[in-house]
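The values are calculated or read from the model by the stated rules, or taken from the named source; none is laboratory data. The shown structure was predicted, so the numbers you read here are calculated from the model rather than taken from an experiment. Cβ placement follows ideal geometry from the backbone for every residue including glycine, while neighbour counts extend to all protein chains displayed. Heavy atoms of the whole protein, side chains included, go into the accessibility calculation; ligands, DNA and RNA do not. Shrake-Rupley method; radii C 1.70, N 1.55, O 1.52, S 1.80 Å.
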Amino acid sequence: MTILITGGAGFIGSNFVLDWLAQSDETIVNVDKLTYAGNLQNLASLNADPRHVFVHGDIGDGAMMDSMLALHKPRAIVNFAAESHVDRSIRGPGDFIQTNIVGTFNLLESARAYWSHLDADTKAAFRFLHVSTDEVYGSLACGDAAFTETHRYEPNSPYSASKAASDHLVRAYHHTYGLPVLTTNCSNNYGPFHFPEKLIPLMIVNALAGKPLPVYGDGQQIRDWLYVKDHCSAIRRVLEAGRLGETYNIGGWNEMPNLDIVLTVCTLLDELRPRKDGKLYSEQISFVADRPGHDRRYAIDARKMEHALGWKPTESFDTGIRMTVLWYLDNQDWVTNVQSGAYREWLSQHYGEKVDA
Ligand code: NAD
Ligand code: DAU
């Protein structure tokens, strides 16, 4: 048996590959374009492992996807591939439209063609799981109930609008063609291999480098934080037992204002790697201009995952953030390679290929 995932060299995808192969011998084919966010060093521990098959490719490339599906005959596709950073989507939305909308559409077309020719039993067992975000629901005010699966879509950034569009396409392929789809909408992840452009890894990396810790606006925007390995276990559970055509909200029951997140990181670093000058890391906090259109609050009601599928997160924020800070302290080489761009040379060294920016 084989599953095919897309975007498996990114933050969540690489954690998913490592978790999957830690508990299953089922081969995982990993199609990734290796944008700036794709880093095969995340999967270096699998270099000699035949259960991981890496394919350098774009989900928008229909001919390549068709041939990969025909070759590997997966029983499921899990679509992680996306442009994922809100700030980048504000500066340049084009790539988000191309990958998140057009790319997902092309992937759905390849999946539909492949699935429609399977024999009856294999066809019935096939799954297309689309990994999406809570940001499609828009912004909550303080005191509003958390997002349920029936909350209306109100995306506010080019990123969330592109993810919302992809969710609608996935839904339509089920409704119109019967493609056996599942969609997950998850809150903010954190953990190992998180690219240091996102809040938590950026704060850890900047703090250690003696740089300012840029907090947007008043720092009182609220996010719900989930340790990445809990997201991976939730996806495995939805793949295993989710009801076709349904959507599942995944969250950590852990709402926190950004400033509290930054202060927590600072306090942990004060304990684990105190500043040489005896000062506190929180002195590096710098309030900067707010993100345009910044959503004020996200909160996930994850009761459906618990009641229908028996899934709950295992890490609290206290345990998850400590493991995360320790991981960054123990993996300074990974950070250095990301910051220097050396990780981008991996492909050319390994395959003699040039990776486009
Ligand atoms: P990421 O940016 O770290 O990784 C994305 C990966 O997709 C990279 O490896 C990149 O090379 C690859 N990719 C991009 N365009 C591609 C294309 N056209 N074809 C093939 N591969 C391509 O993202 P992430 O944080 O790991 O997020 C993974 C998925 O989870 C995304 O769909 C995102 O919307 C969703 N999500 C993320 C979070 C979060 O907190 N990070 C929360 C909820 C949902
Ligand atoms: O909610 C799920 C989403 O979480 C995912 O769909 C996205 O792919 C993922 O990137 C994340 O989006 P956010 O915009 O919430 O994450 P980010 O880490 O960029 O920012 C978290 C919060 O911190 C947000 O309110 C903006 C703020 N922030 C961020 C950065 C990078 C700062 O205050 N300073 C910063 O330097």
Exercise. Take the residues in region 34-66 that are touching a His at 6+ places or on another chain (Cβ under 8 Å) and away from ligand 2 (no atom under 16 Å from the Cβ), then tell me which one is most open to solvent (accessible area, probe 1.4 Å).
Key: Val53
Quiz prompt | All positions within region 178-190 that are of a type in the set (Gly, Ala, Ser) and either within 11 Å of ligand 2 (Cβ to nearest atom) or buried (at least 24 other Cβ atoms within 10 Å of the Cβ) (or both) | solution = Ser187
Quiz item: Filtering region 112-131 down to residues that are farther than 19 Å from Met1 by Cα and without any contact (Cβ under 8 Å) to a residue 60 or more places away in the chain, which residue is most open to solvent (accessible area, probe 1.4 Å)?
Solution: Ala113
Self-check item: Residue selected from region 77-111 under the condition more than 14 Å from the chain's Cα centre (by Cα) and of a type in the set (S, T, N, Q), by the criterion surrounded by the fewest Cβ atoms within 10 Å (Cβ to Cβ)
Solution: Gln98
Quiz item: Could you count how many residues in region 300-310 are among the small types (Gly, Ala, Ser) and either closer than 13 Å to Thr184 by Cα or in contact with a Ser or Thr (Cβ under 8 Å, 6 or more places away or on another chain) (or both)?
Solution: 1
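For (1) over 23 Å from Ser166 (Cα atoms); (2) of a type outside the set (D, E, K, R); (3) open to solvent by less than 40 Å² (accessible area, probe 1.4 Å); (4) touching a Cys at 6+ places or on another chain (Cβ under 6 Å), each residue gets a yes or a no:
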{"residue": "Phe193", "(1), (2), (3), (4)": "yes, yes, yes, no"}
{"residue": "Ile200", "(1), (2), (3), (4)": "yes, yes, yes, no"}
{"residue": "Lys211", "(1), (2), (3), (4)": "yes, no, no, no"}
{"residue": "Arg223", "(1), (2), (3), (4)": "no, no, yes, no"}
{"residue": "Leu239", "(1), (2), (3), (4)": "no, yes, yes, no"}
{"residue": "Val265", "(1), (2), (3), (4)": "yes, yes, yes, no"}
Quiz prompt | Pairs where the first residue, in region 27-48, is within 13 Å of Met68 (Cβ to Cβ) and the second is surrounded by fewer than 20 Cβ atoms within 10 Å (Cβ to Cβ) and among the charged types (D, E, K, R), C-beta under 8 Å, 6+ apart | solution = Thr27/Arg51; Ile28/Arg51
Practice problem: Go through (1) within 12 Å of ligand 2 (Cβ to nearest atom); (2) surrounded by fewer than 21 Cβ atoms within 10 Å (Cβ to Cβ); (3) under 19 Å from Ile77 (Cα atoms) one by one and return the number of the condition His168 breaks. | Solution: (1)
Practice problem: Report, ordered by the first and then the second residue, all pairs with beta carbons closer than 9 Å, sequence separation of six or more or different chains, a first member in region 317-333 that is closer than 20 Å to Asp230 by Cβ and small (Gly, Ala, Ser), and a second member that is open to solvent by 50 Å² or more (accessible area, probe 1.4 Å) and assigned to a helix (DSSP H, G or I). | Solution: Gly320/Lys229
Quiz item: Give me the pairs: first residue in region 54-82 and in contact (Cβ under 8 Å) with a residue 60 or more places away in the chain and closer than 18 Å to Lys123 by Cα, second residue crowded, with 17+ Cβ neighbours inside 10 Å and among the charged types (D, E, K, R), beta-carbon distance under 7 Å, and six or more apart or on different chains, which are they?
Solution: Ala76/Arg127
Quiz item: Checking Leu326 against (1) outside any loop (DSSP other than H, G, I, E, B); (2) at pLDDT 95 or above; (3) open to solvent by less than 60 Å² (accessible area, probe 1.4 Å), which single condition isn't satisfied?
Solution: (3)
